[in-house]
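None of the figures in this text is laboratory data; all of them are computed from the coordinates on show. Keep in mind that what you see is a predicted model, and the values were worked out from it rather than measured. Backbone-built Cβ (ideal geometry, glycine too); neighbour counts: all protein chains shown.
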Amino acid sequence: MADKILKELTIKVWRQKNAKAKGKFESYKISDISTGTSFLEMLDILNEQLINDGIEPIAFDHDCREGICGMCSLFIDGRAHGPDDDITTCQLHMRKFEDGATITIEPWRAGAFPVIKDLIVDRTAFEKVLQSGGYISVNTGGVPDGNAIPISYDDAEEAMDAAACIGCGACVATCKNSSAMLFVSAKVSHLAKLPQGRVEATRRAKNMVAKMDELGFGNCTNTGACEVECPKGISIANIARLNREFLSATIKG
Amino acid sequence: MSSFLSSSIGKKLIMSLSGLFLIVFVLVHLILNSFLLFDKTGELFNAGAHFMSLPIIRFGLQPVLAGGFIIHIIYAITLTLQNQKARPQKYAVQNLSNSSTWSSRNMFVLGGLVLVFIAMHLLHFFVPIQIEGNVHDDAQLVKALFTNGSMGLVYTGLYVLGAILLGFHLAHGFWSAFQSIGFSNKIWKKRLEKVSYFYAIFVAAGFTIIPLYLHFFA
Amino acid sequence: MTVLNSKIPAGPLAEKWSKHKAAIKVVSPANKRKLDIIVVGTGLAGGSAAASLAEMGYNVKAFCYQDSGRRAHSIAAQGGINAAKNYQNDNDSIYRLFYDTIKGGDYRAREGNVYRLAEVSGDIIDQCVAQGVPFAREYGGTLSNRSFGGVLVSRTFYARGQTGQQLLLGCYASMNRMIGQGKIEMHERNEMLDIVIADGKARGIITRNLVTGEVERHGAHAVVIATGGYGNVFFLSTNAMGCNGGAAWQAYKNGAYFGNPCFVQIHPTCIPVHGEQQSKLTLMSESLRNDGRVWTPKKKEDAIKLQKGEMGPNDIADEDRDFYLERRYPSYGNLVPRDVASRAAKERCDAGFGVNAEGKAVYLDFKYSIERLGRDVIEARYGNLFQMYEKITDVNPYNEPMQIYPAIHYSMGGVWVDYNLMTNIPGLYAIGEANFSDHGGNRLGASALMQGLADGYFILPYTIGDYLADEIQTPRIELNHPEFEKKEKAVQERLERLYNVKGDKSVDSFHKRLGNIMWDYVGMARNEKGLKFAIEEIAKIKADFYKNVRIPGDFDAMNIELEKAGRVADFLELGDLMARDALNRKESCGGHYREESVTEEGEAKRDDDNFTFVSAWEYQGEDKDPILHKEDLVFETVELTQRSYK
């Protein structure tokens, strides 16, 4: 339990100057990292070292550093958000690594998520999917009282399970096909489980799937890897629901 | 409707429906083959084979079956090509072993190998029996293939391999088909996966036992 | 000295807002289409404002530095959102919520604003439900509530421990609908660096595109700042890494007054600092204090052994544990307000009873509630928080108490605004945490979400019309106006100045130095000597910063160090203003604790005779002392009393 010191680590990291440049791996040595340090703090330390050496620091996305904003990404040693379960990269700690290890860090890889710089990718494809239907069409004001429509405990809980998605993109990054089905299905399920969202559920499913396809995500082949690597444990049962919603949307026309 | 069929979910639906159709066919095929185990004279099997050669089956059902195969294959190729394109740059290191099963990740490869097996299988039996039409004792033809000296052992091995490949393909394909048509949730997913494994093992075991039985005991 | 006009309407408290709404001007739908509004920041305040304004027909341009509007730090709020719905039939009312908020803020907020906040609180819940926010429900299908610190009723609505996330996704969904309809132009990864003021009115902003490095001009008929607080002045805080005071600070440097900069909230239950390399502090929800008991050892020798790691908390017998909150505040116990709980923890640690290696942590122990309620109940209530704690610390809080320590969490201070949420610069608005208006000296739990959404959904969309009604003749803002040119050049020069220092120290090293000074002298306890020292030290760090900062990488491309340097440059100045304000406010009040102003029992002592005012600071130019304006706080309804939680 007590923190140990990792004497030396090799960080093999993807460096790419900008979207157009050709990237490559660079390796850096870093020493004396406490196992109580978070993974991103380790990168901070490495960056500080790089700055002192006059090298441009490694660019990576991060913000809240408490696992909720969904900004941090990183494919670490072959896994989205690294070698621990149910967490984001910012919650990963160095106690998950052995002294002397070589840690490989890559950006999310997907055609729909082009690299902007180093480990930063452009995830606006997700926003475009949301803009195509991830909402309930209601204006501010003129809505009924919060208790006017009762919602069963189970429905509210199930909606919340899906709504917990932080939109980080780990599902796309993990999926061997770069499919965005887990993300889209979570958004569709969250609203489909609530009476307020039911009203336009079919339209929503159709539009969001059409947008998702248009943006070049791959197809879901039900490997279930997304569900395992999702930091919020979003279930692929949501994908089944999306399939159902989409199917019924098509039948209804 | 055309937009539905070109959508990712639509394509998956077609994969799943054609897959389910082929799953039913595999079961029928297995039942028919099992006649070889239960009737040493081969009469039962020959009767079954004869039934399958009736014009209504040959010209009515076989094209449907072939269509099922062809659609399943064409869509598999389309989807796989699209999936390849969705990740132009691959990872240097990717570790999927703890997040998904091997068979689920290799359905295309498994399917391709099963297809190769089927091609061989068609050459062995379908062509002489149904195309050339010069076989009188179908059961004897089958037995001969698996007992014919050292080649008998090779064919037995190939057929066992084919059965195992098919089993892996079905282990993922069966429950996946239900997931794709939307018939799954947290509870049913677990049940379907169990049924899926059971069915896959049943089919693989069934198709394994028959050539082994013929090779060693016929 | 200008007289600050807060524009609080006359009349009885309960009628102020409705009378005001009736009196202010509105813009016709045909004219709304011709008017552009810039909203900087897409958290709860900015997101809800952008969506509502676009729905009304205005053309909105929204900006955020993150890669998506839904990542704004409102997303990290855990506990819940208050609303005076009285669904629990516990005699809650608008007045009660108003009174709790005014009292909780230690009587340094405006009555009129706070009453209005309480008035619209119920509408917020209705709105969020309609948007599909999956609030917790009872088995009968009605909304569920929980209690929070400092109040006697159950009025907090929640969605597990992710209320902020769900509310933000709700208003972001509304934004998305408007983006899809072309009514909101969304600019992600784009940071505001200056405000353009032409003819005395806010007419646009200058931003830096964080991907291309380009400096851009954006014009509008009004500018709304919704960029949150400035807690990151302290380097270590519960704020997100990118949270910055930049937009608010540019407003200030362009002439907007800065209200109560010294009022920052220190949250008592955060995971303690670990070593030298820590980048960020993680909050553990206030709700944990419902079932956790806070303690330190009674004996100094036990504390020393704990610090050396020679014994663990479970080795200390119950009779050797000092449940200091229960001892000092028997009636509120572990549920005293945040400022009180934070100071009490600091007092114990300063006295040498801290329990970790640094001596800066106290225990939050669930042993007793697990014994009383069973592990299952505790797991159902706090399972996700316990999991988060274990991931970070590698300690299982079911078996061993959590270690906690106070950390900077929220800034009550911010840009000064009038009742219409407009700054003293016409056409420039500030909403949410970015303004100073509603929380006084201390914010109550679950009220930040309420204020952000109140401002964005139900207040600003009305009050901004009063200003824009006179702007309908103004054509679309020309981006080649000399003021845009001037400001763009100024931003460019500011960035070049930083980039060209080419020194040998990283941006973070300066930020950390600033943070240490701020925490030690402008943190939980402040005194005249320390504050004066801090002002001097900050000036030294600032001088060193402009001499020795090193920014590698390209100037006109994505450059994260350059982004950070700009923010730290602002923080250095903000820290100075905070210290000045703290020095000026000689009373103790809410989160602002002056060691010179304490009761005999060591509690914070307000000085209502001399300090019942809002400090509004006016910028005078670089290296010149700012001028202090005072907005007297008039209490027509409530009576000022010394807070007591004994």
Per the Cα gyration tensor, the range C:267-409 corresponds to an equivalent ellipsoid with semi-axes, largest first in Å, of 20, 18, 16
Scaled radius of gyration (Cα, divided by 2.2 N^0.38 Å) that the range B:1-104 gives = 1.53
For C:439, C:481, what's the fewest-to-most ordering of other Cβ within 10 Å of each Cβ?
-> C:481, C:439
What does the average come to when, for each residue of peptide B:185-193, you count the partner chain Cβ atoms lying within 10 Å of its Cβ?
-> 3
Considering amide H positions built from the backbone, and no H for Pro or chain starts, which residues 5 or more places from residue C:613, or on another chain, come under 5 Å of its amide H?
-> C:633
Among B:21, B:59, B:125, the residue with the largest mean-square fluctuation in a Gaussian network model of chain B built from Cα contacts under 10 Å is B:59
Report P(r) for chain C: all Cα-Cα distances, bin width 20 Å, range 0 to the bin holding the largest distance, values in whole percent.
-> 20, 55, 24, 1
Using the beta-carbon distance between residue A:12 and residue B:40 and R0 = 45 Å, what value does 1/(1 + (r/R0)^6) give for FRET efficiency, to the nearest 0.05?
-> 0.10
If you wrap the range A:5-106's Cα atoms in a convex hull and average its projection over all directions, what's the area in nm²?
-> 6.4
Highest to lowest packing among C:316-323, A:12-19, C:188-195, scored as the average C-beta count within 10 Å = C:188-195, A:12-19, C:316-323
Quotient of Cα Rg and 2.2 N^0.38 Å for the range C:381-465, N being how many residues it contains = 1.56
Once the Cβ-Cβ distance between residue A:157 and residue C:529 is put in as r, and R0 is 45 Å, what FRET efficiency do you end up with, to the nearest 0.05?
-> 0.25
What is the helix-to-structure angle for C:163-180, meaning the angle in degrees between its Cα long axis and the longest Cα principal axis of chain C, kept from 0 to 90 and rounded to the nearest 10?
-> 20
Around residue C:194, which amide H atoms from residues at least 5 apart in sequence, or from another chain, sit under 5 Å from its own amide H, with H modelled in the peptide plane?
-> C:206
Per-residue average of other protein chain Cβ atoms inside 10 Å, peptide A:53-64 -> 6
Computed from every Cα-Cα pair in the protein assembly as shown, P(r) in 20 Å bins starting at 0 and rounded to whole percents is 12, 39, 32, 12, 5, 0
Stokes-Einstein, Kirkwood over Cα pairs, the range C:483-613, 4 °C, 1.567 mPa s; D in µm²/s equals 78
Give me a single rounded figure for C:232-243: the average over its residues of other chain Cβ atoms within 10 Å of their Cβ.
-> 3
Ranked from highest to lowest mean number of other Cβ atoms within 10 Å per residue, what is the order of the peptides B:39-48, C:512-521?
-> C:512-521, B:39-48
The Cα extents of the range C:1-104 along the principal axes, largest first and rounded to whole Å, are 43, 38, 38
Could you list which residues have their amide H under 5 Å from that of residue A:15, counting only those 5 or more apart in sequence or on another chain, with H placed in the peptide plane?
-> A:24, A:25, A:26
To the nearest 10 degrees, how steep is helix C:507-521 against the longest Cα principal axis of chain C, on a 0 to 90 scale?
-> 60
Taking each pair of different alpha-carbon atoms in the range A:6-66 once, compute 1/r for the pair, average those values, and report the inverse of that mean as the Kirkwood hydrodynamic radius in Å to one decimal.
-> 12.7
Expected 222 nm ellipticity per residue - DSSP helices of 4 or more, -39500 (n - 2.57), all of the protein assembly as shown, to 500 | -14000 deg cm²/dmol
Span-like helix ranges in chain B, DSSP H, alpha carbon extent 18 angstrom or more, Kyte mean at least 1.6 = B:8-38, B:107-121
Candidates per GluC sites (Glu not before Pro) in the range C:583-646, loop by DSSP, up to 15 other Cβ within 10 Å = C:595, C:596, C:600, C:601, C:622, C:636, C:639
Taking C:386-394, A:113-121 and ranking on average Cβ neighbours within 10 Å, highest first, one gets A:113-121, C:386-394
Can you give the FRET efficiency for residue C:375 and residue C:314, using 1/(1 + (r/R0)^6), R0 = 22 Å, r = Cβ-Cβ distance, to the nearest 0.05?
-> 0.90
In whole angstrom, how long is each semi-axis of the equivalent ellipsoid of chain B, when you take the square root of 5 times every eigenvalue of its Cα gyration tensor and sort them from largest down?
-> 34, 20, 17
How many percent of all Cα-Cα pairs in chain A sit more than 25 Å apart?
-> 49
